[in-house]
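What follows draws every value from the coordinates through simple rules; no lab data is involved. Just so it is clear, the structure is predicted and the values come from calculations on it, not from any experiment. All Cβ positions, even for glycine, are placed from backbone atoms using ideal geometry, and neighbour counts span all protein chains on display.
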Amino acid sequence: MNTPTTATKRDLLSLLDLTTEEIHRLFARTGELKAALKAGQAVHTLSGRTLAMVFEKPSTRTRVSFETGMYQLGGHALFLSSKEMQLGRGEEISDSARVLSRYVNGIMVRTFAHENLLTMARYATVPVINGLSDDFHPCQILTDIFTFQEHRGPIAGRKVAWIGDGNNVAHSWILAAARLGFHLVLAVPPGFEPKAQVLERAKQEIATHDMASTITVLRNPQEAVAGADLVTTDAWTSMGQEKETKRRQKAFANYCVDQTLMGKAKADALFMHCLPAHRGEEVTSEVLDGPQSVVWDEAENRLHVQKAILEWLLA
């Protein structure tokens, strides 16, 4: 079996593909790119470069932010729905990866099974970016942490409370704690815990790199939020889980982030949500639109963070 490799090729499939120092450098560059855009200064570091964007899952923020980011950096992005590609007619992912690598400088994939992403990265000879998989959402959590640091300074030593499903976004928060030295407390109902192997890998990373991080999984949202610097959540039912909606609504009924719950956090705690939000389910409108919410800054910063990622991998 021929598995092509490139000595200098880097991928971003999870946050463990980045060192702590690389994350800090990405944040520094994000700040520069954001400031340049606000000042009306053109930055065309990806002139002549092309990004293929492969979507199995639909998206608003991921598509618009990556496509706009490539345009602002002087490059070009191609939207490719898996249903309209030969993937939708049964072509092997490995074959699509080989072909796309002959045409473009990078591939962003938004998919269901994380294994699909791993296969794409294994056979592609250009960088592959995880735009979201069922296991991880690294671009979102890099954005969330950058946004927190814009408002409150370094996240190291702070307390982050995750309320809800132990899903792909929660998994990426877990890996982020292993890299950046903050304290993560997750409140999840029985049967919806983060994957054990993700927790174990994060704890191994913390021990290996002697990070001052802690990761705790609880049942009680009030206990998780107590004294938190940041409270964050996600939809109870993700794409592909629609048949579980009623079961999930029942299981998560006590996990809504409302003003009473936010009142348990620090007085200056921030609230985040990766969006789209289901108002009245995982969060109330009072919190989402309230003074502690930075969800719109968070959404905007997807553009700036991903531009830094695109530069790092494609330039």
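For the residues ASP289, ASP144, ASP11, what sequence is obtained by ranking on other C-beta atoms within 10 Å, fewest first?
Working: ASP289 12, ASP144 29, ASP11 20.
Ascending number of Cβ neighbours within 10 Å: ASP289, ASP11, ASP144.
I need the shape label for segment 140-294. Rule: rounded when a/c is under 1.5, else prolate if a/b > b/c, else oblate, with a, b, c from the alpha carbon gyration tensor.
Working: a/c = 1.73, a/b = 1.18, b/c = 1.46.
It comes out oblate by the Cα gyration axes.
Restricting to Cα pairs below 8 Å that are 6+ residues apart, what does the relative contact order work out to for segment 140-294? Please round to a whole percent.
Numbers: 283 pairs, mean separation 37.0, N = 155.
Contact order relative to length: 24 percent.
Within a Cβ distance under 14 Å of HIS183, other residues only, what is the Lys/Arg minus Asp/Glu net charge?
On the way: positive: ARG158, LYS159, ARG179, LYS203, LYS266; negative: GLU223, ASP229.
Combined, the nearby Lys, Arg, Asp and Glu give +3.
When the chain is fully extended, how far beyond the present Cα-Cα distance does THR60 get from GLU115, taking 0.36 nm per residue of separation? Numbers along the way, then the final one.
Values: separation 55, 0.36 × 55 = 19.80 nm, distance 2.33 nm.
Going from the current span to full extension adds 17.5 nm.
Just how far, in whole angstrom, is segment 236-292 from segment 28-84 if you go by their alpha carbon centroids?
Each part's Cα centre sits 29 Å from the other's.
Compute the angle between helix 295-314 and the longest alpha-carbon principal axis of the chain, please, reported from 0 to 90 degrees and rounded to the nearest 10.
30
First select every other residue whose beta carbon is under 14 angstrom from the beta carbon of ARG98; then total the charges, Lys and Arg +1, Asp and Glu -1.
On the way: positive: LYS9, ARG102, ARG122; negative: GLU91, GLU92, ASP95.
Overall, the nearby charge balance is 0.
Neighbour counts of other C-beta atoms within 10 Å: give me THR284, THR68, THR19 arranged from fewest to most. Mind dumping the intermediate values first?
On the way: THR284 19, THR68 15, THR19 11.
The fewest-first ordering by Cβ neighbours comes to THR19, THR68, THR284.
Could you grab the relative contact order for the chain? Cα pairs under 8 Å, six or more apart, rounded to a whole percent. Intermediate values should be presented prior to the final figure.
Working: 603 pairs, mean separation 60.7, N = 315.
Value for the chain: 19 percent.
So how far apart, in nm, are the two label points at GLU286 and GLN204 if each is 7 Å from Cα heading toward Cβ?
4.5
Add -39500 (n - 2.57) for each DSSP H run of 4 or more in the chain, then divide by its residues: what number comes out at 222 nm, to the nearest 500 deg cm²/dmol?
Details: 12 runs with 134 residues, N = 315.
Per the formula, -13000 deg cm²/dmol.
Calculate one ³J(HN,Hα) per residue across segment 194-210 by plugging θ = phi - 60° into the Karplus curve 6.51 cos²θ - 1.76 cosθ + 1.60, and present them in order as whole Hz with x for glycine and proline.
After applying 6.51 cos²θ - 1.76 cosθ + 1.60, I find x, 4, 4, 5, 6, 4, 5, 5, 4, 5, 5, 5, 4, 5, 4, 9, 6 Hz.
Full-extension gain between ASP268 and GLU193, please, as 0.36 nm times their residue separation minus the C-alpha to C-alpha distance. If you can, show how the numbers build up before the last one.
Values: separation 75, 0.36 × 75 = 27.00 nm, distance 2.81 nm.
Length gained between ASP268 and GLU193: 24.2 nm.
Taking the Cβ-Cβ separation of GLN222 and GLU21 as r and a Förster radius of 51 Å, what is the calculated FRET efficiency to the nearest 0.05? List each step's numbers first, then the result.
On the way: r = 37 Å, r/R0 = 0.72.
With R0 = 51 Å, the Cβ-Cβ based efficiency is 0.90.
If you rank PHE182, PHE55 by fewest surrounding Cβ atoms within 10 Å, what's the result? Kindly include the intermediate steps, with their values, before the conclusion.
Values: PHE182 25, PHE55 21.
Sorted ascending by nearby Cβ count, the order is PHE55, PHE182.
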